[in-house]
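J.: One structure coming up, written as structure tokens, with questions to follow.
The values are calculated or read from the model by the stated rules, or taken from the named source; none is laboratory data. Here the structure is a predicted model, which means the values were calculated and not measured. Note that we place each Cβ from the backbone using ideal geometry, even for glycine, and neighbour counts take in every protein chain shown. Protein only, heavy atoms only, side chains kept; ligands, DNA and RNA dropped before computing areas. Shrake-Rupley method; radii C 1.70, N 1.55, O 1.52, S 1.80 Å.
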Amino acid sequence: MNMFSQPVTPAVRAHMEAQFSLFSDMSQRLFDTAQKINELNIQVAQTVMEESINGAQQILVARDPYEALSIATSQAQPTAEKVRAYQQHLSSIAAGTQVELAKTAESHLSETTRTATAVADEVARRASEETQKTTERQRAAMEKLTRPINKPGDSASQAARKTAQPTQ
């Protein structure tokens with residue numbers, strides 16, 4: 001069952017294809033970004049795991065609690081720097097994504113605008129044609145309804161004319 005009463009016109013089809021192309025390219029850029037973030041997270045997780053194991057081993061072999069505490073506190077500063085580097089890397093990925101999305105949108109702008117204008121022109125043309133057809137149908141219906149009243153030989157129309165004429 002077709003949901004549309006009219007077939008899809010070439011202008012609408014071209015606009016839909018332009019929109020699909022834009023959304024497809026934007027989605028690809030977003031998936032690329034998600035992949036970069038996932039790779040970064042995996043790399044960070046591996047690094048954190050290795051460093052945690054190494055730190056735990058160093059703490060376990062410490063001779064006394066003071067040495068263990070010293071080892072633990074010495075690892076805090078490098079960890080903070082790594083968190084800062086992670087945040088900077090995420091910011092870099094986000095900025096790169098923003099640039100890529102802007103470029104993608106810009107590359108599709110002219111085609112999408114052209115096809116949207118074509119659709120708008122087609123809608124305006126069709127609306128004008130339909131308005132003209134409707135006006136013609138209304139005019140024909142009014143003529144059909146008023147034709148019996150306006151016939152000169154009709155007794156009802158003669159009586160109506162006599163009534164409408166002023167008496168002298």
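J.: Can you pull out the residues in segment 96-117 that are within 30 Å of VAL44 (Cα to Cα), of a type outside the set (S, T, N, Q) and open to solvent by 50 Å² or more (accessible area, probe 1.4 Å)?
T.: VAL99, GLU100, ALA102, LYS103
J.: Continuing with this model, one more query. Would you mind telling me which numbered condition in (1) more than 29 Å from the chain's Cα centre (by Cα); (2) in a helix (DSSP H, G or I) GLN19 fails?
T.: (1)
The rows are residues; the columns are (1) over 24 Å from PHE20 (Cα atoms); (2) open to solvent by less than 90 Å² (accessible area, probe 1.4 Å); (3) at pLDDT 90 or above; (4) in a helix (DSSP H, G or I).
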| position | (1), (2), (3), (4) |
| --- | --- |
| VAL119 | no, yes, yes, yes |
| GLU122 | no, yes, yes, yes |
| SER128 | yes, yes, yes, yes |
| ALA141 | yes, yes, no, yes |
| ILE149 | yes, no, no, yes |
| ALA160 | yes, yes, no, yes |
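Here is a yes/no grid of residues against (1) in contact with a helix residue (DSSP H, G or I) (Cβ under 9 Å, 6 or more places away or on another chain); (2) modelled with pLDDT under 95:
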position: ALA34; (1), (2): no, no
position: VAL44; (1), (2): yes, yes
position: VAL48; (1), (2): yes, yes
position: ILE53; (1), (2): no, yes
position: TYR66; (1), (2): no, yes
position: HIS89; (1), (2): yes, no
position: THR115; (1), (2): yes, yes
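J.: Right, next: Taking ALA80 as the residue in question, decide whether it is closer than 30 Å to THR33 by Cβ and among the aliphatic types (A, V, I, L, M). Steps first, answer last, please.
T.: Values: closer than 30 Å to THR33 by Cβ: yes; among the aliphatic types (A, V, I, L, M): yes.
Answer is yes for this residue.
J.: Assigned to a helix (DSSP H, G or I), open to solvent by less than 60 Å² (accessible area, probe 1.4 Å) and of a type in the set (A, V, I, L, M), is that true of ALA62?
T.: Details: assigned to a helix (DSSP H, G or I): no; open to solvent by less than 60 Å² (accessible area, probe 1.4 Å): yes; of a type in the set (A, V, I, L, M): yes.
Here the answer is no, as ALA62 does not meet what is asked.
J.: Looking at segment 74-97, I want the residues that are among the aromatic types (Phe, Trp, Tyr) and have a partner that is in a helix (DSSP H, G or I) and open to solvent by less than 70 Å² (accessible area, probe 1.4 Å) with Cβ atoms under 8 Å, at least 6 apart or on another chain. Which pairs are those?
T.: Matching pairs, first to second residue: TYR86/LEU40; TYR86/VAL44.
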